[in-house]
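The structure under discussion appears below in the form of structure tokens.
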């Protein structure tokens, strides 16, 4: 990579490595920067999953109650060392607050209780995109003739609508499902799919 320019370095750092050795003209430097800032794998990161768990746990507590890191780790089944970084990101997003001292700990803020799952996930992973063609404010060069683009756009909007509609306080007020009931529900869904096919 010694003879590459800044644009090439950005694209390589975003994970685009063309087999031919040349940089594809379809990926611009601004897109490469956005790719690097976003979760482009269609699967949420473990950090985003833990962040949602943390927020739901904190929202289930009485207002102004603070808890220590080890209590959050125990309640969310997440490693303390990993949670520290997640909690810092949630605090930077003004969803929680961290207090030091004898009466210290982590506390959810009112905005955090009313935040959506989307806000929590984006506080950790950045904006969510299903495909590169949906990242830029500029339209994709293939958009006008690509038959997949409208499908990506609808899927993107559906995902964002679902995550935006899931409010942390509402999730925290739901009774927890037991592992047995989740397994039974999953088995029932699988049976319905088999019967339906």
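Overview of results
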| item | result |
| --- | --- |
| Complete set of residues in the stretch 120-161 that are closer than 18 Å to residue 53 by Cα and touching a helix residue (DSSP H, G or I) at 6+ places or on another chain (Cβ under 8 Å) | 120, 121, 123, 124, 125, 126 |
| Search result, residues across the stretch 42-89 that are under 17 Å from residue 122 (Cα atoms) and part of a loop (DSSP other than H, G, I, E, B) | 42, 43, 44, 45 |
| Selection status of residue 35, at pLDDT 95 or above, surrounded by 13 or more Cβ atoms within 10 Å (Cβ to Cβ) and not in a loop (DSSP other than H, G, I, E, B) | no |
| Per-region count, the stretch 84-118, residues modelled with pLDDT under 95 and under 23 Å from residue 167 (Cβ atoms) | 1 |
| Residue 179 being under 25 Å from residue 45 (Cβ atoms), over 21 Å from the mean Cα position of the chain (by Cα), in the same structural domain as residue 68 (by TED's automatic domain parsing) and at pLDDT below 95 | yes |
| Qualifying helices (runs of 4 or more DSSP H) (wholly inside the stretch 108-173; at least 2 residues being in contact (Cβ under 8 Å) with a residue 60 or more places away in the chain) | 117-125, 168-173 |
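The values are calculated or read from the model by the stated rules, or taken from the named source; none is laboratory data. Everything quoted here is computed from the prediction, not taken from an experiment. Quick reminder, even Gly has a Cβ in these numbers, built from the backbone with ideal geometry, and neighbours come from all protein chains shown.
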